[in-house]
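Before any comments, here is the structure.
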Amino acid sequence: MRGRSKPRSGSDVVDAATYVVRPIGFVRSPLKRPEDAPRQGDEGAPDAWVEVAADVAEGLQGIEVGQDIVLLTWLHQARRDVLKVHPRNDPTIPLVGVFATRSPARPNPLGLHRVRVLAVAANELKVGPLEAVDGTPVVDIKPVLSRFADS
């Protein structure tokens, strides 16, 4: 996964116009093909496991069962050459720019998935519901912050 940026010392810069984002893990799901997945998690998506790489697994400390988190994924099977879509793939709805939609087709196909943690086991999280397909790279995990949280 590559993007554009100015080089900085100590970063994963390949050259002056490119940088690298590496997966921290992968989704393990019963969904095998994008066409099998619902458009959003709350539209019938199954539970799934997120396998986190051993070298970053200690970053899971503090994640608890019952907690809501956001998974940032790289939608590796999505088209990257599309800039306009019919929302929800409905041809009766006028075309709009991909940045006004949740379409996976976009120049940098990042997925945002709010899920609930159902189990924590060493370097794995069972989460749900998750509409990402099996093998989807996970690039980050963030907590969902409460508006009333102390920190």
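Each residue of the range 105-121 was assigned a 3J(HN,Hα) from its phi angle through the Karplus expression (A = 6.51, B = -1.76, C = 1.60, θ = phi - 60°), giving 6, 5, x, 10, x, 7, x, 10, 9, 7, 9, 9, 6, 9, 7, 10, 9 Hz with x at Gly and Pro. Could you check how many percent of all C-alpha pairs in the range 48-142 are farther apart than 20 Å? Summing the P(r) of the range 48-142 above 20 Å gives 43 percent of all pairs.
Across the options ALA119, PRO107, LEU71, the greatest Cα extent toward the positive end of the charge dipole of the range 66-151 (unit charges at beta carbon of Lys, Arg, Asp, Glu) belongs to PRO107. In a fully extended conformation the segment linking VAL65 and LEU110 would gain 13.7 nm over its present Cα-Cα distance, using 0.36 nm per residue. Its Cα gyration tensor gives the range 87-131 an equivalent ellipsoid. The semi-axes, each the square root of 5 times an eigenvalue, are 31, 12, 7 Å from largest down.
Taking amide H as placed 1.01 Å from N in the peptide plane, the amide H of LEU110 sits under 5 Å from that of LEU75, each at least 5 places away or on another chain. Sequentially through the range 86-99, phi angles give Karplus couplings (6.51, -1.76, 1.60; θ = phi - 60°) of 8, x, 6, 6, 9, x, 7, 9, x, 4, 9, x, 4, 6 Hz, Gly and Pro residues having no value and appearing as x. Distance between the 7 Å Cα→Cβ label points at ALA121 and ARG80: 3.4 nm.
Readers should treat all values here as calculations from the given coordinates under stated rules, not as data from a laboratory. All values derive from a computational prediction rather than experimental measurement. Don't worry about glycine lacking a Cβ; one is built from the backbone with ideal geometry, like all the others, and counts go over all protein chains shown.
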